[in-house]
Amino acid sequence: MVYFAVTIKIGEEKGRGEYDAYIHQVKPIVESYGGRYLIRSENITPLDSGWHPNRFILIEFPTRDALNHCFDSKEYHKIAYKRINSVNSQAIIIEEEVNENL
């Protein structure tokens with residue numbers, strides 16, 4: 001499994017902009033590539049005074065290729081501007097490792 005984790009910061013000056021439309025349009029795209037939403041929440045309590053995201057999303061994909069195909073797809077690129085122009089986001093990809101010592 002591979003995981004896509006993203007934090008969203010909604011700026012006071014822009015507000016949510018087109019982000020809500022993006023949220024509704026991206027879910028079926030992600031799911032069509034085998035993605036499964038594990039967490040989508042705005043109920044966040046930061047423990048670091050320098051990090052205050054408004055939203056957190058965690059998506060599980062069966063493979064790294066599935067994740068890459070999803071976010072490289074034409075369908076995704078047609079709506080990505082709604083997120084890019086509305087909110088600040090930071091994302092990471094976490095690849096599951098099997099380690100007997102963990």
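Worth a mention:
- In the set (1) among the hydroxyl-bearing types (Ser, Thr, Tyr); (2) at pLDDT 95 or above; (3) surrounded by 13 or more Cβ atoms within 10 Å (Cβ to Cβ), the condition left unmet by residue 41 is number (3).
- Subset of region 74-90 (residues that are outside any helix (DSSP H, G or I) and either among the aromatic types (Phe, Trp, Tyr) or loosely packed, with under 12 Cβ neighbours inside 10 Å (or both)): 90
- Some residue of region 24-37 being surrounded by 17 or more Cβ atoms within 10 Å (Cβ to Cβ), without any contact (Cβ under 8 Å) to a residue 40 or more places away in the chain and either touching a strand residue (DSSP E or B) at 6+ places or on another chain (Cβ under 6 Å) or under 27 Å from residue 65 (Cα atoms) (or both): yes
- Test result for residue 8, outside any loop (DSSP other than H, G, I, E, B), among the hydrophobic types (A, V, I, L, M, F, W, C) and surrounded by 13 or more Cβ atoms within 10 Å (Cβ to Cβ): yes
The values are calculated or read from the model by the stated rules, or taken from the named source; none is laboratory data. Keep in mind that this is a model prediction, so the values were computed, not measured. As a convention, Cβ positions derive from the backbone with ideal geometry for all residues, glycine included, and neighbour counts pool all protein chains shown.
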